[in-house]
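Single-structure report; data block below.
The values are calculated or read from the model by the stated rules, or taken from the named source; none is laboratory data. All values reported here derive from a predicted model rather than from experimental measurement. We place every Cβ from the backbone using ideal geometry, glycine too, and count neighbours over all the protein chains shown.
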Amino acid sequence: MLDVRGLSTGYGVSQVLFGVDLTVAEGEVVTLLGRNGMGKTTVLRAIMGLTRAWTGTVHFQSKAIQQLPGYAIARAGVGLVPEGRQIFPTLTVEENLLVTAADRGVSHTPPWTLERVYALFPKLAERDRQRGDQLSGGEQQMLAIARALMTNPRLLILDEATEGLAPLIREEIWQVLEALKHGGESILIVDKHLQALLRIADRHYIMEKGRVVWSGDSVQLAGNSQVQEHYLGI
């Protein structure tokens, strides 16, 4: 599904990533972990074409996309839930969902429609006529996820999936992501809540100073307290 090899990039003259490798297989949930400032968001930006790769390759469904603009990568089937949500504040919930809606013809699941995302997020159905800036932070995050799903992506990317959310809302988001996994969605997640990620994800990559320093599955990471303490501060 996604194959990143030797990815290096940065901002201006400052290099942030140094030869990052990662993969996401069809139907797999993968996390990108690490303390703040280690390059996780820059990896996602480079995958999405928002930060241009200096060296290395990004292949999505066997097609090189590292030189494509962001809109072309989105049209190819990569959906992003950005850090900070970035919903359209003056549009209603329904308008936020329809403005980017597209049927990409994903074969392994029925297409995402208003009815389907409202079934996944009943709170959004209750507030479909309210403006984005009238929603709570948790509702805005639900809207950001639903908006990405409405593009019918083959790969869903979430940056800080539950940052700043109350525990009850956070658990709702995790339950939604579990449901998406069971539905066959391919997902790449950045988040800090390790215990929930260990429950949901198949594999994990840990970054430090722009490099992948550890990778493995949930059983390996759960059983390695030294790695958790050294790289994640847990």
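Mind checking whether some residue in segment 135-145 is more than 15 Å from Gly34 (Cα to Cα) and surrounded by fewer than 15 Cβ atoms within 10 Å (Cβ to Cβ)? If you could, list the steps in order and put the result at the bottom.
Within segment 135-145, the first condition is being more than 15 Å from Gly34 (Cα to Cα), and the residues that meet it are 135-145.
If we keep only those that are surrounded by fewer than 15 Cβ atoms within 10 Å (Cβ to Cβ) as well, we get 136-137.
Yes, the conditions are met somewhere in segment 135-145.
Inside segment 67-100, residues that are closer than 17 Å to Tyr118 by Cα and in contact with a Ser or Thr (Cβ under 7 Å, 6 or more places away or on another chain) make up a count of 1.
For segment 185-194, the set of residues classified as within 15 Å of the chain's Cα centre (by Cα) and surrounded by fewer than 20 Cβ atoms within 10 Å (Cβ to Cβ) consists of Lys192, His193, listed by residue number.
Quick check on my filter: what residues within segment 1-31 are part of a loop (DSSP other than H, G, I, E, B) and in contact (Cβ under 8 Å) with a residue 24 or more places away in the chain?
Looking only at segment 1-31, we keep the residues that are part of a loop (DSSP other than H, G, I, E, B), and these are 1, 12-13, 25-28.
Of everything in segment 1-31, those that are part of a loop (DSSP other than H, G, I, E, B) and in contact (Cβ under 8 Å) with a residue 24 or more places away in the chain turn out to be Met1, Ala25, Glu26, Gly27, Glu28.
Exactly one residue among Leu221, Leu168, Leu197 is more than 13 Å from the chain's Cα centre (by Cα), in a helix (DSSP H, G or I) and modelled with pLDDT of 95 or more, and that residue is Leu221. A Cβ distance below 6 Å, combined with a sequence gap of six or more or placement on separate chains, defines the contacts here; from segment 168-179, residues that are within 21 Å of Leu155 (Cα to Cα) reach residues that are of a type in the set (Gly, Ala, Ser) and in a helix (DSSP H, G or I) in the pairs Trp174/Ala196. Among the residues of segment 119-134, the one identified as surrounded by 19 or more Cβ atoms within 10 Å (Cβ to Cβ) and closer than 13 Å to Phe88 by Cα is Gly132.
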